[in-house]
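Before any comments, here is the structure.
The values are calculated or read from the model by the stated rules, or taken from the named source; none is laboratory data. Everything numeric in this text was worked out from a predicted model, so none of it was measured. Note that each Cβ is placed from the backbone with ideal geometry, even for glycine, and that neighbours are counted across all protein chains shown.
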Amino acid sequence: MAATGDDAAAMDSISKAPAAHLAALNPAASTSVPAEGPEDAADSLAAASRRPGTNSDGGVETAEEAVEPAEPDINELCTDMFEKMAVFLQGELTATCEDYRLLENMNKLTSLKYMEMKDISINISRNLQDLNNKYASLQPYLDQINQIEEQVSALEQAAYKLDAYSKKLEARFKKLEKR
Amino acid sequence: MASADAQPRFGQSVKGLLSDKVGSCSGDVIALTRQVLKGSRSQELLGQAARNMVIQEDAILHSEDSLRKMSIITTHLQYQQEAIQKNVEHSKHLQDQLRHLLK
């Protein structure tokens, strides 16, 4: 309630104080405000409230905003408040940044895996090409093997014929022996 | 929300009004930040991307396993080809012998 009364008095004095009074009190107020204690708050308010004055140049009146002298620790409190706001906002944004970082790491690991798979694939492709070339160079030998197989079949047929002929000869010889 | 308490209220000091104003401004900044983050949908999109990546990982590991098996099979094929090469060189002598036999 005391503060409200002081503020009301300050508001009233702002509207009534002349400019000359303000000019005289300004240097006094600026030097005395930091040294005053809480019990002189009303005087400092009154002094500070007389700071804004009216200028009447050419019939136009202007007024400046009434300001109270800042409490000594208000600056620290303001700084603290803004720092904590900054920390909070930083934390809010860090969550999204961490999500991006996670995705970035996952993508990097996946790209490394794909690079390893690419190397393996290149090796397999090269080896298979060499194999194909070597099997192509083996083709004449494989043809020879086919020819060998045909010749072996012909030899087998000849052996069967020989065997049959020798059996016929043996039978005829036995017949002649009996006579 | 910013101009709700702009008019001075009866019985309230300038300091009280100022502290209320500062509080409401801070709340507005916080709400704005949250709305911007919510509106960008970055959380759900990035979460969905991470989930899809985890699903793909199984397929990627299976592919890598298959490629390694294929490389082992290729190596075995090379060994078999070398053995065939070695043995096939005898076939020429065999063929000459057979030709003589069949004459």
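Values for this structure:
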{"item": "Every residue from the range A:102-126 that is within 10 Å of chain B (Cβ to nearest Cβ), exposed (fewer than 13 other Cβ atoms within 10 Å of the Cβ) and under 27 Å from B:G39 (Cβ atoms)", "result": "A:N107"}
{"item": "Inter-residue pairs, beta-carbon under 7 Å, first touching a residue at least 12 places away in the same chain (Cβ under 8 Å) and in the range B:26-41, second surrounded by fewer than 11 Cβ atoms within 10 Å (Cβ to Cβ), 6+ apart", "result": "B:D28/B:M1; B:D28/B:A2"}
{"item": "Qualifying residue in the range A:157-179 (condition: hydroxyl-bearing (S, T, Y) and facing chain B (nearest Cβ under 10 Å))", "result": "no"}
{"item": "Residue check for B:K69: within 30 Å of A:R126 (Cβ to Cβ), out of contact with any strand residue (DSSP E or B) (no Cβ under 8 Å at 6 or more places or on another chain) and more than 9 Å from chain A (Cβ to nearest Cβ)", "result": "yes"}
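Okay, residues lined up against (1) under 30 Å from A:N133 (Cβ atoms); (2) of a type in the set (S, T, Y); (3) modelled with pLDDT of 85 or more:
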| site | (1), (2), (3) |
| --- | --- |
| B:R9 | no, no, no |
| B:S24 | no, yes, yes |
| B:E82 | yes, no, yes |
| B:S91 | yes, yes, no |
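So that you can scan it fast, the table gives a plain yes or no per residue for (1) closer than 25 Å to A:E98 by Cβ; (2) surrounded by 11 or more Cβ atoms within 10 Å (Cβ to Cβ); (3) modelled with pLDDT under 90; (4) among the small types (G, A, S):
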| site | (1), (2), (3), (4) |
| --- | --- |
| B:A2 | no, no, yes, yes |
| B:A31 | yes, yes, no, yes |
| B:R34 | yes, yes, no, no |
| B:L37 | yes, yes, no, no |
| B:I55 | yes, no, no, no |
| B:L61 | no, yes, no, no |
| B:L77 | no, yes, no, no |
| B:L98 | no, yes, yes, no |
